[in-house]
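Take a look at the structure set out below.
The values are calculated or read from the model by the stated rules, or taken from the named source; none is laboratory data. This one's a predicted model, so the numbers in the text were calculated from it and none came from an experiment. In this analysis, Cβ positions are derived from the backbone assuming ideal geometry, glycine residues included, and neighbour counts consider all displayed protein chains.
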Amino acid sequence: MILNDFQSTILKNFDKQIYFSKVLIWEECPLRCKYCFVDKESENIISLETLYRYIDLLLFSPWNVKLLHLLWWEPLLHKNILKSWVLYARKVQKFLWKDLTISFCTSWLLFDEDILKFVLENDIKLAWSIDWPQHIHDDMRISKTWAWTYKNAIKHKHKVFWLVPDRNLWLAIVVSNKFEIANNLFESFKYLVEEEWFTSMQISSADGEPWSKASFRVFIKNYIKIHEYILENIEKWKKFIYLNTMNKEFRYWLLSTLRHEEWRCIWFYTDCWVNWDIVFDPFVHKDDMHSRNHVAWNVNSDTFINDVNEYIWCTYKQNSMNCINCHKKYFSKISINNHVLKYRDEVTLFFANKIKKLAETNKIYRDYIDEAKEQMYV
């Protein structure tokens, strides 16, 4: 622990539940994806002391279950920092008896034996970020080093499949706003299931891009077809197929109870950016001038503990003016892809409820739900 007595006292009295946290340790990446808004030449890296502060805040907060996700950009560029971060989190987790899930998302371009061993030893959930089919992946995910990024990533697949448990491995499928890509989503999903043998996936819209009505409609149409495909085949497959969003609904009802931001305290989902800013809105772009209004505070600031201390004594009440004003202050309503993900979750919730209903009279659907609860979700 790096906490002094005063800091420890503050965090022990901190009563805001932080369940899910994304941390962006650096912005470097070997890829130059066409839809990415990040400055990949940035040399900003969070210091380990700052990371430790943030881990302390997450794990000292109430509720036993925690999800810590290193999301975008390439986490394997600085393996020593990544390892130190994970080992410290596991140390604090054991000290506080928390149920902590750690995951990170990678292009797999830098994957090697050393990191695979570390992933297995520390029970890390592993995601492969992908665009599909291959020609779209190679077109969208340009690299300054490799000509064909998909080929250099897929070569690790069989070894990872052999060693990493199914429930610790998932695909993060990124769908851009291009009509062709959105319209090809179902066939891409079907191919990844039937030919590449992936069993757990998350489907998200690419951040930073406005969506046309036509692209949005075909995205939702294809997303519905994916759910129908899963539902129709639950009784046929030897292996169940899972969607990340459905997993978290079955485990903690996170779609049905928390799909409206105003239904929860802002602390429930918390992001920490590479410049150490804390934001409560997952759709905020840190470089957008408007978004600066939604930054709560900075982990690296000398006033960090005092800033946290301000929240100790307020209690969340949905209709209280204090909480309403807090939501207005820290949540952005101008998100580019917020509405895409919201409709995506509504589709998932509809089909999750259908499966729950079928599970009342059919054991195989109950088995599906039970196993989904153990699968990865963010």
Could you check PHE161 against (1) surrounded by fewer than 18 Cβ atoms within 10 Å (Cβ to Cβ); (2) under 19 Å from ASN222 (Cα atoms); (3) touching a residue at least 24 places away in the same chain (Cβ under 8 Å); (4) of a type outside the set (Ser, Thr, Tyr) and say which number it fails?
(2)
Looking at this structure, is TRP170 buried (at least 21 other Cβ atoms within 10 Å of the Cβ) and modelled with pLDDT of 85 or more?
yes
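If you check ALA182 against the conditions, is it assigned to a helix (DSSP H, G or I), small (Gly, Ala, Ser) and buried (at least 17 other Cβ atoms within 10 Å of the Cβ)? Break it down into steps so the answer makes sense when it comes.
Details: assigned to a helix (DSSP H, G or I): yes; small (Gly, Ala, Ser): yes; buried (at least 17 other Cβ atoms within 10 Å of the Cβ): yes.
Yes; evaluated as a whole, the condition is true for this residue.
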I'm checking my understanding of the structure. Among residues of the stretch 126-143 that are out of contact with any strand residue (DSSP E or B) (no Cβ under 7 Å at 6 or more places or on another chain) and over 11 Å from LEU31 (Cα atoms), which one is surrounded by the fewest Cβ atoms within 10 Å (Cβ to Cβ)?
HIS135
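What residue, among those in the stretch 97-107 that are modelled with pLDDT under 90 and out of contact with any Ser or Thr (no Cβ under 8 Å at 6 or more places or on another chain), is farthest from PRO165 (Cα to Cα)? Quick ask: steps written out before the conclusion?
Within the stretch 97-107, the first condition is being modelled with pLDDT under 90, and the residues that meet it are 103-107.
Remaining after also requiring out of contact with any Ser or Thr (no Cβ under 8 Å at 6 or more places or on another chain): 103-104.
On the way: SER103: 14, PHE104: 15 Å.
Out of the qualifying residues, it is PHE104.
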If we keep just the residues of the stretch 51-85 that are in a helix (DSSP H, G or I) and under 15 Å from LYS22 (Cβ atoms), which is modelled with the lowest pLDDT?
LEU51
Reported set for the stretch 49-84 where residues are of a type in the set (Lys, Arg), surrounded by fewer than 18 Cβ atoms within 10 Å (Cβ to Cβ) and closer than 22 Å to LEU96 by Cβ is LYS83
Residue in the stretch 214-235 that is at pLDDT below 80 and not in a helix (DSSP H, G or I) present
no
Here is a list: ILE136, ILE154. Which entry is within 25 Å of TRP237 (Cα to Cα) and at pLDDT below 85?
ILE154
Considering only the stretch 176-195, how many residues are modelled with pLDDT under 85 and either touching a Gly at 6+ places or on another chain (Cβ under 9 Å) or under 16 Å from ASP138 (Cα atoms) (or both)?
4
Could you tell me which numbered condition ILE102 fails, if it satisfies all but one of (1) of a type in the set (A, V, I, L, M, F, W, C); (2) touching a residue at least 40 places away in the same chain (Cβ under 8 Å); (3) assigned to a strand (DSSP E or B)?
(2)
Consider ALA214 carefully, then state whether it is of a type in the set (A, V, I, L, M) and surrounded by 21 or more Cβ atoms within 10 Å (Cβ to Cβ).
no
Among the numbered criteria (1) of a type in the set (Ser, Thr, Tyr); (2) modelled with pLDDT of 85 or more; (3) touching a helix residue (DSSP H, G or I) at 6+ places or on another chain (Cβ under 8 Å); (4) farther than 20 Å from PHE351 by Cα, which single criterion is violated by THR270?
(2)
Which members of the stretch 116-125 meet the condition of being free of Cβ contacts under 8 Å to residues at least 40 places away in the same chain and either small (Gly, Ala, Ser) or surrounded by 21 or more Cβ atoms within 10 Å (Cβ to Cβ) (or both)?
none
May I ask you to say which residue of MET321, MET289 is farther than 16 Å from VAL23 by Cα, at pLDDT below 75 and of a type in the set (A, V, I, L, M)?
MET289
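So that you can scan it fast, the table gives a plain yes or no per residue for (1) closer than 30 Å to PRO210 by Cα; (2) touching a strand residue (DSSP E or B) at 6+ places or on another chain (Cβ under 7 Å); (3) buried (at least 20 other Cβ atoms within 10 Å of the Cβ):
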site	(1), (2), (3)
LEU349	yes, no, no
LYS356	no, no, no
THR361	no, no, no
TYR368	no, no, yes
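Just one of ASN222, ASN233 is crowded, with 18+ Cβ neighbours inside 10 Å and of a type outside the set (A, V, I, L, M); which is it? Quick ask: steps written out before the conclusion?
Values: ASN233 fails: crowded, with 18+ Cβ neighbours inside 10 Å.
After ruling out the rest, the residue left standing is ASN222.
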